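S.K.: What follows is a structure written as structure tokens; I'll ask about it next.
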Amino acid sequence: MNGAQPMRLAAGGAIDRARPLGFTFDGRAYAGFAGDTLASALLANGVRLMGRSFKYHRPRGPWGAGAEEPNALVELRTGARREPNTRATVIELFDGLVAQSQNRWPSLRFDVMGVNGLFAPIFTAGFYYKTFMWPASFWEKLYEPIIRRAAGLGRAAREPDPDEYDRSHLFCDVLVIGAGPAGLAAALAAARSGARVVLADEDVRPGGRLLAEAHEIDSAPGVLWAERVAGELAGMANVTLLARTTVFGLFDHGAFAALERVADHLPEPAPHQVRQRLWRIQARRAVLAAGAIERPIAFGGNDRPGVMAASAVRAYLHRWAVLPGRRGVVFTASDDGWRTADALLAAGASVEAVVDARPDPPAALMRAAGARGLRVHAGAQVVGTHGHLGLQAVDVRLPSGSSLGIDCDLLAVSGGWNPTVHLASHQGAKPVWDAALAAFVPGRLPEGLAVAGAAAGRFTLAACLADGAEAGRAAASACGHAAAPLVLPRAADEPAAQAAFFHVPGPRGKAFVDFQNDVTVKDVKQAAREGYRSVEHAKRYTTLGMATDQGKTANVVGLAILAEATGRSIEATGTTIFRPPYTPVAMGAIVGHHRGRDFRPARHTPMHDWAAENGASFVEVGPWYRAQWYARPGEKGWRDSVDREAEAVRRAVGVCDVSTLGKIEVVGRDAAAFLDFVYTSMISTLPVGRVRYGLMLREDGLVFDDGTCARMGPERFFITTTTANAGRVMQHLEFCHQVLKPAMDVSFLSVTDRWAQVSIAGPRSRDLVAMLVGPGVDLSTAAFPHMSAAEVEVCGQVPARLFRLSFSGEMAYELGVPADFGDALMRHIMQVGAPLGLVPYGTEALSVLRVEKGHPAGGELNGHTTARDLGLGGMMSRKKDYVGRRLAERPAFTDPARPILVGFKPVDRGQELKSGAHFLDPGAEARIENDQGYMTSVAFSPALGHSIGLGLLARGRERIGQQVRAYDPVRNRDIVVEVCHPVFIDPEGDRTRG
Amino acid sequence: MAETRLAPRSALAGLLVPGRYGRAGEPGIALAELRPAGVTAIVARAGQDAALASALGLPAGPGCVRAGAITFVWSGPGQWVAFDAGATAEARSGLAALPDAFATMTDLGGARVVLRVAGPAARRALAKLLPIDLHPSAFGPRAGAATLAAHIPVLVWLPDEAAGFHIACYRSFGAALWHAVSGAAAEFGYEVAP
């Protein structure tokens, strides 16, 4: 034996003995080989205690050797890369690996919480619901933290994940899931036809069970056949092989999700290498060849380290050349389990007994065992186990009823195989119970999916190969690729019968059904007694089948016991719903690079860099970044900047980047008629070169969006939308055209990104614009009045669109240039405007100016308001039909008592208004029946020197001059405000039109 | 005052710095920003889709067609975008002379950022971003698609294998697209040409 690895066999296994690897577990150093998993390396070192159980903190070792592992969960790596609940059975060993056991204190061997086992009676099924019912207020503060500390698994890293994850897409004719004998045969048959094939397997090597068994194909080790086929596939241009890739979900229309563990087998990813990759695979046909998972048998003490799935024992022996024990006992309810005895003998271990729960195992097996001198107990059962931190002996109940103790350090358990049907059921189809097979097999299959090999209940090697080859051929053929039938390699149909034997009656000690959740036979029976007859209810009541393994080993055993306890058949009891993911998937892999700043893509205006250089703070408006204000040295806070900017606009001139406003070119013979249909007001009468403010309603009559509409030519309009609604308006226009007015000749083109647009506002705006467009353009009010539009040139060079529009209430223009010139335009404007006292202003000052002017914006266009509510009833044309007109006339929408837009000032001018405050009559009790409306927008008006607000108040217009309460219990405020006209500045509009 | 001339500026100004990035070794990808001399949206008037497509030789569905220096990319039913890589005045005026009854033309100069993604690993890098089949049998020369890349609406087309993939987005998303494309390419190593 290998000195440093006492349980390592001297020869064999798919490990590279020339590449020793060092690692630590719970701080102790060990050595393994390349090709090991953490579990195989620990077992090679004689370590079989790997964790403590969830509820009772019982010592646990590995049950299996694959992805279904319920017990051997460890914390892998340290620091920011620390990952809890990783399965030691699938962690590929690397040099320097650091792992820790979890759910124990102070140490794995001595765990204080092991006393939970003594309190087992209170931890039975439904204990959460029974124990912590009352008082409810104790739940969050007391019960939950205590339970979380006592029960639970590993600790997540506290630092941000330093690794990159990405997502990618694959398209193929045939997706083959699983590279065992059936999957390899399927992939080969399909690939030789020329079909585009993807073969994905969770393991690093192809072969599936061939890696774990001593099977022969064509009179040579099966693994050699697997390697040869994988080699042929790797050489084909039409094949994509995905190793370390778990296909974890099947979705609609042939979409599959898969997780590739690109760098999990490395200490850390190489530079620019991702840690994991999420694949979205779109397949025309798929073959599920996911194999099968061996099920446990529930008997007393069946969780003791050293009790292992028989299939896992063979895997450790054959693949990793590790002896899981020196003195073995086999407890089986299947023919397959018997092969474990041969494997142990071949490895030099002793086999103390083969205990077959079936009264009459096949004669051939009995004969062969006899020839080897094996002691066989047919119709017997293991009822209990002994040993402190690991197995030392088992108690066997013989058919006579007498009991027999057998010393051993390994118990290989075979309860038979459960086909891995998960993906076939992800669309909701339930698997069906095959009584002859004593297993659930896939039921009605999703469109395009075939199931082959053990996953379909065909358990022998020869059957798997034949089944896979035919499934692959049929799938390729369905995609139009004729394939010759594969010449099948020679393999045996080994004995594969199994019984429906799930638990041992009268167990000595706890008999576990679900190792990961510490659910026992007793718990399941108790749930049935308490009325949880539905398998879904029993699952939730007992937690059977929850947590990271999702009951891959536990579910069928659990539901069989439930069936027995409720006097129903297994078929009638049924399975719980299978949902993706098949195995745990890190959120990081699903998110990919869309995290932090990349959560969603950002949009920047052409002037963004200029704004950043000039002290701008940015605010996110949808995906856009807009300059909120431009801080200057010496300003103590945002209010200083905003007040200065707003004052400058009222006093001189300001420039604001409005490139983010949605801009749509509406063109066509019927463009005018179409716009009449979507706006409340008449657009068709608008002359070329003029602009109209427009309001769109939703079909339900509420206000949808507002903006301007400029007629640039007889059949060409340029309309604007709010920044936030640009996309929705475009969709609305397309819908109205394609569905409601398909005969109209009109088209829509988003030109938001075409124009870098600025608003130039203030009494000196005309002077500034004149300097930009040159003396050739007459900007006098007579020639270019408020609401005009023209095509001009800036600096005699750049084509531009000029509009005279005002949001601020001052004389104002909007000037648009092709986006490439936006940056240069802004710098030029700042230069020539400086002598006029020009300042750039951001969205915050823009908001102050518009509240002062009483213009509705986001706070008022909130999806609850009608045009009348906003004082815009006059814009609702009575001469034409338009979207929303009919429903806008609903009685509730024309009720004169509806809250309507008015302005507010604090009676004590020193007080600050807050939006969201509700209005109450003075003296009225603060109850919902007395609600009179609410404040929608507020600002500090530098022009007036106090806080001002806009709001919706019942019969507001009739109450101008009166006082109401602005009641704000959320912020604990209650002040008296005066109702006023919503236009605070220049209500006559002289400045705008001047 | 001296006459001022405004200088155009790319949305990606300062972002593309010539050099080798990502994984070391022979770069798998070449990235570049293309700055078309002109970008024009062409929309068929009602009922004129087929007539317009046949008059200009435009693809009737997803795809692209190169005519001299102008590449027409299908962008939706009855809609195309013409990317002009420096066409002759004659070719350009030919396009401008399309009768109004046929089509509506709108100048989109500067409104799109166009990236070129070429090299042996281009398909593998783009597969991370584009939810479409990029296999040569499905997306070969003259292919095109209107789709999403990292949540960004894009047009992607392949004039021919030598020209490499072209991917265009709204100008304002340009920096985000560059970030996504260069990030996807880093694993293969990429080069930004001077």
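The values are calculated or read from the model by the stated rules, or taken from the named source; none is laboratory data. What you see is a predicted model, and the numbers here were worked out from it, not measured in a lab. Positions of Cβ are backbone-derived with ideal geometry, glycine not excepted, and every protein chain shown enters the neighbour counts. Ligands, DNA and RNA are excluded from the accessible area calculation, which covers all protein heavy atoms including side chains. Shrake-Rupley method; radii C 1.70, N 1.55, O 1.52, S 1.80 Å.
S.K.: Of the residues B:Asp107, B:Asp160, which single one is within 20 Å of A:Phe748 (Cα to Cα), among the acidic types (Asp, Glu) and out of contact with any His (no Cβ under 6 Å at 6 or more places or on another chain)?
M.R.: Numbers: B:Asp160 fails: within 20 Å of A:Phe748 (Cα to Cα).
After applying the criteria, what remains is B:Asp107.
S.K.: Which ones in region A:878-906 are at pLDDT below 95 and touching a strand residue (DSSP E or B) at 6+ places or on another chain (Cβ under 6 Å)?
M.R.: Across region A:878-906, the qualifying residue is only A:Ala897.
S.K.: Can I ask one more? Kindly provide the set of residues from region A:778-789 that are more than 49 Å from the chain's Cα centre (by Cα) and either within 14 Å of chain B (Cβ to nearest Cβ) or of a type in the set (Gly, Ala, Ser) (or both), ordered by number. It would help to see each step written out before you state the result.
M.R.: So the first thing to find is which residues in region A:778-789 are more than 49 Å from the chain's Cα centre (by Cα), and the list is A:778-786, A:788.
Passing the criteria: A:Ser780, A:Ala782, A:Ala783, A:Ser788.
S.K.: Could you list, in sequence order, all residues of region B:1-39 that are at the interface with chain A (Cβ under 8 Å from one of its Cβ atoms), open to solvent by 80 Å² or more (accessible area, probe 1.4 Å), of a type in the set (Lys, Arg) and under 30 Å from B:Thr88 (Cα atoms)?
M.R.: Selection gives B:Arg5 alone.
S.K.: Continuing with the same structure: I'd like the full set of residues that are more than 14 Å from every other protein chain (Cβ to nearest Cβ) and over 20 Å from A:Phe248 (Cα atoms), limited to region A:182-198. Break it down stepwise before answering.
M.R.: Step one: list which residues in region A:182-198 are more than 14 Å from every other protein chain (Cβ to nearest Cβ), which gives A:182-193.
Correct list: A:Ala185, A:Leu188, A:Ala189, A:Ala190, A:Ala191, A:Arg192, A:Ser193.
S.K.: Could you say which residue among A:Ala257, A:Ala292, A:Ala286 is touching a helix residue (DSSP H, G or I) at 6+ places or on another chain (Cβ under 6 Å), closer than 25 Å to A:Ala456 by Cα and of a type in the set (Gly, Ala, Ser)?
M.R.: Numbers: A:Ala257 fails: touching a helix residue (DSSP H, G or I) at 6+ places or on another chain (Cβ under 6 Å); A:Ala286 fails: touching a helix residue (DSSP H, G or I) at 6+ places or on another chain (Cβ under 6 Å).
Exactly one residue qualifies, and that residue is A:Ala292.
S.K.: Can you find a residue that is surrounded by fewer than 17 Cβ atoms within 10 Å (Cβ to Cβ) and over 33 Å from the mean Cα position of the chain (by Cα) anywhere in region A:575-589?
M.R.: No, every residue in region A:575-589 fails to be surrounded by fewer than 17 Cβ atoms within 10 Å (Cβ to Cβ) and over 33 Å from the mean Cα position of the chain (by Cα).
S.K.: Just to verify a result, which residue in region B:182-194, among those that are surrounded by fewer than 24 Cβ atoms within 10 Å (Cβ to Cβ) and in contact (Cβ under 8 Å) with a residue 40 or more places away in the chain, is farthest from the other protein chains (Cβ to nearest Cβ)?
M.R.: Initially, region B:182-194 is screened for residues surrounded by fewer than 24 Cβ atoms within 10 Å (Cβ to Cβ), giving B:182-183, B:186, B:188-189, B:191-194.
Checking which are in contact (Cβ under 8 Å) with a residue 40 or more places away in the chain leaves us with B:182, B:186, B:188-189, B:191-194.
Numbers: B:Ser182: 11, B:Ala186: 5, B:Phe188: 8, B:Gly189: 8, B:Glu191: 14, B:Val192: 15, B:Ala193: 20, B:Pro194: 21 Å.
Among those residues, the one meeting the criterion is B:Pro194.
S.K.: Next question. Restricting to region A:158-192, and then to whatever is open to solvent by less than 20 Å² (accessible area, probe 1.4 Å) and in a loop (DSSP other than H, G, I, E, B), can you tell me which residue is nearest to A:Leu423 (Cα to Cα)? Walk me through it before giving the result.
M.R.: At the first step, the residues of region A:158-192 found to be open to solvent by less than 20 Å² (accessible area, probe 1.4 Å) are A:163, A:165-166, A:168, A:172-191.
Checking the rest, the ones that are also in a loop (DSSP other than H, G, I, E, B) come to A:163, A:178-180.
Numbers: A:Asp163: 29, A:Gly178: 12, A:Ala179: 16, A:Gly180: 16 Å.
Across region A:158-192, the extreme among qualifying residues is A:Gly178.
S.K.: Which ranges mark the strands (runs of 3 or more DSSP E) fully within region B:10-63 that have 1 or more residues being within 27 Å of A:Val817 (Cα to Cα)?
M.R.: Details: elements: B:19-21, B:29-34, B:38-44.
Of the strands (runs of 3 or more DSSP E) lying wholly inside region B:10-63, those with at least 1 residues that are within 27 Å of A:Val817 (Cα to Cα) span B:29-34, B:38-44.
S.K.: Something else: Based on what the data block shows, is A:Asp986 among the acidic types (Asp, Glu) and closer than 30 Å to A:Ser765 by Cα?
M.R.: Details: among the acidic types (Asp, Glu): yes; closer than 30 Å to A:Ser765 by Cα: yes.
Yes; evaluated as a whole, the condition is true for this residue.
S.K.: Can you say whether A:Ala671 is open to solvent by less than 50 Å² (accessible area, probe 1.4 Å) and within 14 Å of another protein chain (Cβ to nearest Cβ), as far as the supplied structure shows? Step through it out loud before you land on a result.
M.R.: Working: open to solvent by less than 50 Å² (accessible area, probe 1.4 Å): yes; within 14 Å of another protein chain (Cβ to nearest Cβ): yes.
Yes, satisfied.
S.K.: On to the next question. Could you give me the residue pairs with C-beta distances under 8 Å whose first residue belongs to region A:790-814 and is more than 14 Å from every other protein chain (Cβ to nearest Cβ) and over 30 Å from A:Pro987 (Cβ atoms), whose second residue is crowded, with 22+ Cβ neighbours inside 10 Å and among the polar types (S, T, N, Q) wherever it lies, and which are 6+ apart or on separate chains?
M.R.: none
S.K.: Next question, about the same structure. Report, by residue number, each residue of region A:732-756 that is under 13 Å from A:Val666 (Cα atoms) and within 13 Å of chain B (Cβ to nearest Cβ).
M.R.: Once the filter is applied, which keeps residues that are under 13 Å from A:Val666 (Cα atoms) and within 13 Å of chain B (Cβ to nearest Cβ), region A:732-756 yields A:Glu734, A:His737, A:Met744, A:Asp745, A:Val746, A:Ser747, A:Phe748, A:Leu749, A:Ser750, A:Val751, A:Thr752.
Residue-by-condition table, conditions (1) open to solvent by 20 Å² or more (accessible area, probe 1.4 Å); (2) under 21 Å from B:Pro8 (Cα atoms):
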{"residue": "A:Ser759", "(1), (2)": "no, yes"}
{"residue": "A:Pro785", "(1), (2)": "yes, no"}
{"residue": "A:Ala790", "(1), (2)": "yes, no"}
{"residue": "A:Val794", "(1), (2)": "no, yes"}
{"residue": "A:Gly816", "(1), (2)": "no, yes"}
{"residue": "A:Ala819", "(1), (2)": "no, yes"}
{"residue": "A:Met826", "(1), (2)": "no, yes"}
{"residue": "A:Gln831", "(1), (2)": "yes, yes"}
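S.K.: Hey, another quick one. Quick check on A:Asp356: is it over 30 Å from A:Ala10 (Cα atoms), open to solvent by less than 50 Å² (accessible area, probe 1.4 Å), touching a residue at least 40 places away in the same chain (Cβ under 8 Å) and more than 45 Å from the chain's Cα centre (by Cα)? First the steps, then the outcome.
M.R.: Details: over 30 Å from A:Ala10 (Cα atoms): yes; open to solvent by less than 50 Å² (accessible area, probe 1.4 Å): yes; touching a residue at least 40 places away in the same chain (Cβ under 8 Å): no; more than 45 Å from the chain's Cα centre (by Cα): yes.
No.
S.K.: Testing A:Glu447 on (1) touching a strand residue (DSSP E or B) at 6+ places or on another chain (Cβ under 9 Å); (2) over 23 Å from A:Lys55 (Cα atoms); (3) surrounded by fewer than 21 Cβ atoms within 10 Å (Cβ to Cβ), one condition comes back false. Which one is that?
M.R.: (1)
S.K.: Here is a further query. Check whether at least one residue in region A:565-573 is in contact (Cβ under 8 Å) with a residue 24 or more places away in the chain, among the polar types (S, T, N, Q) and touching a Leu at 6+ places or on another chain (Cβ under 6 Å), and report yes or no.
M.R.: Checked against the condition, which is being in contact (Cβ under 8 Å) with a residue 24 or more places away in the chain, among the polar types (S, T, N, Q) and touching a Leu at 6+ places or on another chain (Cβ under 6 Å), region A:565-573 yields at least one hit.
S.K.: Still on this structure: Go through region A:398-438 and report how many residues are assigned to a strand (DSSP E or B), hydroxyl-bearing (Ser, Thr, Tyr) and touching a residue at least 40 places away in the same chain (Cβ under 8 Å).
M.R.: First, pick out the residues of region A:398-438 that are assigned to a strand (DSSP E or B): A:403-407, A:410-414, A:417-419, A:432-434.
From what is left, the residues that are hydroxyl-bearing (Ser, Thr, Tyr) are A:403, A:414.
If we keep only those that are touching a residue at least 40 places away in the same chain (Cβ under 8 Å) too, we end up with A:414.
Of the residues in that region, 1 qualify.
S.K.: Scan region A:591-644 for residues that are within 30 Å of A:Glu260 (Cα to Cα) and modelled with pLDDT of 95 or more and jot them down.
M.R.: Start the filter on region A:591-644 by keeping residues that are within 30 Å of A:Glu260 (Cα to Cα), which leaves A:591-602.
The answer is A:Pro601, A:Ala602.
S.K.: If you don't mind, another one. Does A:Phe501 satisfy the criteria of being of a type in the set (Phe, Trp, Tyr), in contact with a Lys or Arg (Cβ under 9 Å, 6 or more places away or on another chain), farther than 20 Å from A:Ser569 by Cα and not in a helix (DSSP H, G or I)? Before the answer, list the steps.
M.R.: Working: of a type in the set (Phe, Trp, Tyr): yes; in contact with a Lys or Arg (Cβ under 9 Å, 6 or more places away or on another chain): yes; farther than 20 Å from A:Ser569 by Cα: no; not in a helix (DSSP H, G or I): yes.
Answer is no for this residue.
S.K.: May I ask you to list the residues in region A:677-705 that are charged (D, E, K, R) and open to solvent by less than 20 Å² (accessible area, probe 1.4 Å)? Even if it seems obvious, please write down each step before you answer.
M.R.: Pass one, region A:677-705, residues charged (D, E, K, R): A:690, A:692, A:698-700, A:705.
Within region A:677-705, A:Asp705 is the sole residue that qualifies.
S.K.: Further, regarding this structure: Can you name the residue in region B:161-177 that is open to solvent by 10 Å² or more (accessible area, probe 1.4 Å) and within 13 Å of the chain's Cα centre (by Cα) and, of all such residues, is farthest from the other protein chains (Cβ to nearest Cβ)? Reasoning before the result, please.
M.R.: Let us first name the residues in region B:161-177 that are open to solvent by 10 Å² or more (accessible area, probe 1.4 Å), namely B:161-163, B:166, B:170-171, B:173, B:175-176.
Those still in the list that are within 13 Å of the chain's Cα centre (by Cα) too: B:163, B:166, B:170-171.
Values: B:Ala163: 22, B:His166: 17, B:Tyr170: 4, B:Arg171: 4 Å.
Residue satisfying both the conditions and the ranking: B:Ala163.
S.K.: Out of the residues in region A:713-753 meeting the condition of being open to solvent by 20 Å² or more (accessible area, probe 1.4 Å), touching a residue at least 60 places away in the same chain (Cβ under 8 Å) and touching a Gly at 6+ places or on another chain (Cβ under 8 Å), tell me which one is nearest to A:Ser847 (Cα to Cα).
M.R.: Residue satisfying both the conditions and the ranking: A:Thr722.
Every residue, every condition in (1) β-branched (Val, Ile, Thr); (2) out of contact with any Gly (no Cβ under 9 Å at 6 or more places or on another chain); (3) closer than 22 Å to A:Ala290 by Cβ; (4) assigned to a loop (DSSP other than H, G, I, E, B), yes or no:
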position: A:Gly468; (1), (2), (3), (4): no, no, yes, no
position: A:His481; (1), (2), (3), (4): no, no, no, yes
position: A:Leu486; (1), (2), (3), (4): no, no, yes, yes
position: A:Glu494; (1), (2), (3), (4): no, yes, yes, yes
